[in-house]
Structures are given as structure tokens and as C-alpha cells.
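Report on the structure given below.
Nothing in this text is a laboratory measurement; each read-out follows from the coordinates by a stated rule. Predicted model only: the values in this text are computed from it and were never measured. Here Cβ is always computed from backbone atoms with ideal geometry, including for glycine, and neighbour counts include all displayed protein chains.
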Amino acid sequence: MEQLSSHPISTDRVHGRAILPPILNINFDRPDPSDVRHIAAVEVPVLSELVGPMYTMDRSIRPLASMAAAVCGTVITAKCPPGDNLAMVRALGEVRAGDVLIVDAKGFDHWCLGGYRLLEHAQRTSGLAGLIVNGAYRDVEEIEKSGFPVYATGVAAGSGPKTGPGEINVAVCCGGVVVSPGDIVSASGEGIVIIPRWSVASVASAVQGYSVPSEQDIEAFVRNRSAVFDELCQPK
């Protein structure tokens, strides 16, 4: 169900005289929790191979802490004007346990979208599992100590306006990938992968049959690839 705000649009907003109303989508299809668990048990590189480059984020989105905290969960989204976190704060009110909030702030990194205390509160009260931001965040030292997963384009000390508008649980763009609420995200120091909600069941089924390659598997792979290269070297 989509709910549109009936509040009048301010004409003195920092971001200009926007006429589009904010959007709040409360209900969306969520993946089966067992599928989330199966996908969470597999490393990001394996998932990236399964979903391909269209659903693997580029390296503009990086761990905020020096030691990346891995996270996998159901996606909820927020779309914010550059530097404005009103929609992000409201989206935290829609978090369920295990959710990962992905925020599209158009990569703006002059102002941050918030600090650690905001995330700590959402983790404690709603079970927020992680945050991924196409924009800047702050409180690196606290995030590092807590081990809470935060990924962003950069760090900014100052915060921007909180006037909106904004959109919650709509399709957003982050790291070059279109992300929708109800997708699954898996992130680690290796990168960030999105499993689109329409493919969750098939990916979960595929990873259940996955096992770490044995020494014999690796030897066979090397022999096979070497034979392919040697064949290419043969004169035509």
C-alpha cells in the first residue's frame, strides 16, 4: 500500500521548490526467512558469481570501518535529497529485525546522513542489521568499536538539513545497482551484492548445493584452463 503525504510543500526548502510529494510505502513482499539464512551462509564472491555484475555494487560504496563487518538481510530503502536525512530517519521506523537499510543520497558527501547513535537506537529497538549509504556518514570510531556494519561513499563530519522531501521503500540506486525493498543484500570487505526479490528462491536453492572447492577440484580447474589456453596458442 502506498501512502502519499498530504502535508503542504514548503517553498523555502534548501533543495528548492519541489512539487513532488514524499512517498511512504509500508507494505512490500519480503523474502522467506529461510532463503535469507541460506544466502547469508555463503560468501559474497560466490553470490556475485551467481547474480553477475549487474547486481554487484561498484567500489564507490566502501566499509566505513577499517575492518568491514559483514551483513546479510532483507532490504528496506530510502531516497533522500543530497545531504538531507529526513526520509532516512523515517525509514528507520519501518525496520524489522534483520533488515538492512539502503539509502540513496545521490552520492553526496559534503554532509553526512547521520551518526552512530541513530543506528545504535535502531539496532536496539528494531533489530536493524546494517546500513548502506550512497552518500556520507560519520562517527567512524564508534562504528569501528561497535562492529555495526556501515558502508558509504565517504565520511563527513557535518550534517545537512532535515526538511525532505524523500521516498521510503521505493527503487533506489546504490553502487551502480538498482535496489528495491524486499531484495536481499549481502555485504562484506569483498564487496556488496544484491539478490533481486524475484530471484531469491532460485539463488537460495543454488547456494544450498554449494561447497568449498576441494584441492582436487582446484587441480582439475587449473588443468582444464591450461588446456584451453594451450589450444588457443596452436597455429590456425
If amide H atoms are built 1.01 Å from N in the plane of the peptide, which residues on other chains or at least 5 residues away come under 5 Å of the amide H of Thr77?
Ile102, Asn169, Val170
Where both partners of a DSSP beta bridge lie in the chain, what percent of those bridges are antiparallel, to the nearest 5?
55 percent
I need the shape label for the stretch 147-187. Rule: rounded when a/c is under 1.5, else prolate if a/b > b/c, else oblate, with a, b, c from the alpha carbon gyration tensor.
oblate
Which of Thr56, Thr74, Thr163 ends up with the largest GNM mean-square fluctuation for the chain, with Cα atoms connected below 10 Å?
Thr163
What spacing in nm lies between the two simple spin-label points modelled at Asp217 and Lys145, each 7 Å away from Cα in the Cβ direction?
4.2 nm
Highest to lowest packing among 75-81, 103-109, 172-178, scored as the average C-beta count within 10 Å:
75-81, 103-109, 172-178
Once both labels are modelled 7 Å past Cα along the beta-carbon direction, what's the Arg90-Glu43 spacing in nm?
4.2 nm
Which residues' amide hydrogens lie under 5 Å from the amide hydrogen of Gly166, considering only partners 5 or more residues apart or on another chain, with H built in the peptide plane?
Ile23
If you compute Rg/Rh (Cα atoms, Kirkwood Rh) for the structure shown, which of (i) 0.93; (ii) 1.07; (iii) 0.99 do you land on?
(ii)
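Taking Cα pairs under 8 Å and at least six residues apart, what relative contact order does the chain come out at, in percent?
Numbers: 517 pairs, mean separation 63.0, N = 236.
Relative contact order for the chain comes out at 27 percent.
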Beta carbons within 10 angstrom, averaged per residue: use that to sort the peptides 209-220, 62-73, highest first.
62-73, 209-220
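Roughly speaking, what is the stretch gain from Phe229 to Ser34, that is 0.36 nm per residue apart minus the C-alpha to C-alpha distance, in nm to one decimal? Please report the intermediate quantities before stating the final value.
Working: separation 195, 0.36 × 195 = 70.20 nm, distance 4.16 nm.
Between Phe229 and Ser34, full extension yields an extra 66.0 nm.
Before rounding to the nearest 500, sum -39500 (n - 2.57) across all DSSP H runs of length at least 4 in the chain and divide by the residue total; then give [θ] at 222 nm in deg cm²/dmol.
Taken over the chain, the calculation gives -8500 deg cm²/dmol.
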Exposure-ranked with fewest Cβ neighbours within 10 Å first, Trp198, Trp111 stand as Trp198, Trp111
